[in-house]
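Notes for the one structure printed next.
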Amino acid sequence: MADQHAASTRKIPAPSVNVESKPFWDAATEGRFLIKRCTACGKAHWYPRSICPYCFSDKTVWESSPGEGVIYTYSVMYRSPTGPYAIGYVTLDEGPAMLTNFVDCDLGALAIGQKVKVRFQPTEGGPPVPVFAPV
Amino acid sequence: MSIKGKAYIAGAFEHPTRLATDKSTPQLHAECAKGALEDAGLTKDDIDGYFCAGDAPGFGALSMADYMGLKLRHIDSTETGGSSYIVHVGHAAEAIAAGKCSVALVTLAGRPRSQQGGGMGRGGPGGGGEVPEAGFENIYGGSTHNTYGMCAMRHMYEFGTTSEQLAWIKVAASHHAQWNPHAMLPEVVTVEDVLASPLIADPLHRLDCCVISDGGGALLVVAPEVARSLKRPLVRIMGAAEAPKGPAGGLNLDLTYSGAVWSGPRAFAEAGVTPSDIKYASIYDSFTITVLMQLEDLGFCKKGEGGMFVSDGNLISGVGKLPFNTDGGGLCNNHPTNRGGITKVIEAVRQLRGEAHPKVQVPNCDVTLAHGTGGSLGVRHGAATLIMERA
């Protein structure tokens, strides 16, 4: 178990992109992290939707985010042919929690409440995806 | 309108196979249907309602109805993952009460052990570019193990729940499985055994996880006059409710509770009983944490106190206050096509009929509950609660 917390070599598949999500992935390709906010009720949400899941308004807009937040929960997956990796939720400073992976860190030292920041990780033939690392 | 007392479960059959390399999935569905019909003393042509979920091959209920030669007045392919079949019993009771059908068949079958697959959603519908969350979730290596692991991690953080407490759930299931000749894991295990098994998805160990098995089951839900005409004990449906839950835009995410907080109270209210009236509970046990969260959410104990509630054998029949999963459950007996809802109802029926194994039969078992979670507690899921009584 010496390499129990070694960095994962798990390859990330290309995310499926549709017309609704394409602006997010175009920005990701340029290294920018976007979230959606509703201008009617003022709330941000995740994953990005055209219709606000809170007030059902269609007045939602893309907003640049620094991609900072704290770990809400996580789980290190050991049953993996490419080595352990961490899945979890980050509660963004804007409010919503999002599913993600934690990278570039000691998997054994992850903790709920830890501050993290977004970075982008390449995928197999698609746009890069947002993952998080401790700050 | 209420379903209370307006429908009965007259037939129930659990397929004995655990490895079905020589049968097709449609064949397994039909064998399960046949077994339930024989159990009830009904024939195929009595069936006028059919309920199935995503494990049924083809287009909704239509392909399987044609395969089995069913002439139907009512079809329903409601899909909420592994809890689908508990939803189906509730819907069948509604349909019967509403006069839409009088004999409703529910089937589940599949062969994940023969057809080795991987990842979340085996036995259910797949993803695709137009599934709205797919691009934002399917990339992170989420499986049932690690998404339930995230729930356990947060539950431990908020309430101080321990791995030892979770292990007691597996220990109780193993005490029951030792009496089930079909159980995949009939050996009694200890808390130490669970903690010594390898970590699969932090903090869940291998023995916190259910088995993967082939197999299936079927139920027949019938009108009261049909039930009374048969030579079987009367198992009356008293209440049923369902509720989906998901991240819902991500604000105020709380992975420490399930949709059972909504389905449970509604089912209890319809049945006119409370958790203290339940003599036996079938509680979906995809993982030990699943059981713990659902017990809290259904009101068997307060939120956050599930760890204490399940400890020291409190779920073992003849030992504790709330006998659960006396067939060994998904943790030890089977989890056909990765969907445990139907076996939860079947064992609750056995208990009400007095047909559970004598070593685990609950004395005077007059009111039972079956509860299921389909999908993942850590992402999005469907909860279903069913309350039954011996008439």
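Descriptive notes on the structure:
- Taking B:P186, B:P224, B:P247 in turn, the Gaussian network model of chain B (Cα-Cα springs below 10 Å) assigns the largest fluctuation to B:P247.
- Along chain B, longest interval not containing exposed trypsin sites (Lys or Arg not before Pro), exposed being DSSP loop plus at most 12 other Cβ atoms within 10 Å: B:72-230
- Partner shielding of A:39-50 amounts to 3, given as the average count of beta-carbon atoms from other chains within 10 Å of each residue beta-carbon.
- For the stretch A:79-96, backbone phi angles converted through the Karplus equation (6.51, -1.76, 1.60; θ = phi - 60°) give residue-by-residue couplings of 7, 9, x, 9, x, x, 9, 10, 10, x, 10, 10, 8, 5, 4, 6, x, x Hz, Gly and Pro being listed as x.
- Dipole magnitude for the protein assembly as shown: about 620 debye, using +1 per Lys or Arg Cβ and -1 per Asp or Glu Cβ, origin at the Cα centre.
- Given 11 as the ceiling on other Cβ atoms within 10 Å, longest exposed-site-free region of chain B for GluC sites (Glu not before Pro) in DSSP loops: B:188-391
- Taking amide H as placed 1.01 Å from N in the peptide plane, B:G11 has its amide H under 5 Å from the amide H of B:L220, each at least 5 places away in sequence or on another chain.
- By average C-beta atoms within 10 angstrom, highest first, the peptides B:146-152, A:25-31, B:83-89: B:83-89, B:146-152, A:25-31
- Local net charge near B:S102, Cβ-Cβ under 12 Å (Lys/Arg +1, Asp/Glu -1): 0
- Residues whose placed amide H lies under 5 Å from that of A:K117, excluding near-sequence neighbours: A:A133, A:V135
- Among B:S77, B:S174, B:S258: highest mean-square fluctuation, GNM of chain B, C-alpha pairs under 10 Å: B:S77
- Listed residues B:G329, B:G246, B:G340, most fluctuating in chain B (Gaussian network, C-alpha, under 10 Å): B:G246
- Loop-resident sites, the stretch A:26-117, for chymotrypsin sites (Phe, Trp or Tyr not before Pro), counting at most 11 other Cβ within 10 Å (DSSP): A:F56
- Amide hydrogen neighbours beyond the local backbone of B:V103, cut-off 5 Å, H modeled: B:D48, B:G49
- Couplings 3J(HN,Hα) of the stretch B:373-390, computed from phi: 10, x, x, 10, 4, x, 10, 9, 8, x, 9, 9, 10, 9, 10, 10, 9, 7 Hz, in residue order, whole Hz [Karplus 6.51 cos²θ - 1.76 cosθ + 1.60, θ = phi - 60°; x for Gly and Pro].
- Exposure proxy order (Cβ contacts within 10 Å, fewest to most) of A:S75, B:S114, A:S50, B:S317: A:S50, B:S114, B:S317, A:S75
- Straight Cα distances below 18 angstrom link B:K71 to the aspartates and glutamates B:E31, B:D45, B:D46, B:D48, with same-chain residues fewer than 8 positions distant left out.
- Table column - 3J(HN,Hα) (Hz), the stretch B:332-338, Karplus curve with 6.51, -1.76, 1.60, x for Gly and Pro: 9, 8, 7, 8, x, 6, 6
- Test item: B:144-151 mean partner chain Cβ contacts at 10 Å: 5
- Expected 222 nm ellipticity per residue - DSSP helices of 4 or more, -39500 (n - 2.57), all of chain A, to 500: -1500 deg cm²/dmol
- Around B:S282: net Lys/Arg minus Asp/Glu count, Cβ-Cβ under 11 Å: -1
- Relative to the Cα centre, the charge distribution of chain B, modelled as +1 at Lys and Arg Cβ and -1 at Asp and Glu Cβ, gives a dipole magnitude of about 720 debye.
- Here the stretch B:345-391 is assigned +1 on the Cβ of each Lys and Arg and -1 on the Cβ of each Asp and Glu. Its dipole about the Cα centre then comes out at about 100 debye.
- Its DSSP H runs of at least 4 residues, each contributing -39,500 (n - 2.57), put the calculated 222 nm mean residue ellipticity of chain B at -9500 deg cm²/dmol, to the nearest 500.
Read the figures in this text as sums done on the coordinates, not as results from a lab. Computed from a predicted model, the values in this text were never measured in an experiment. Cβ coordinates were reconstructed from backbone atoms using ideal geometry, including for glycine residues, and neighbour counts include every protein chain displayed.
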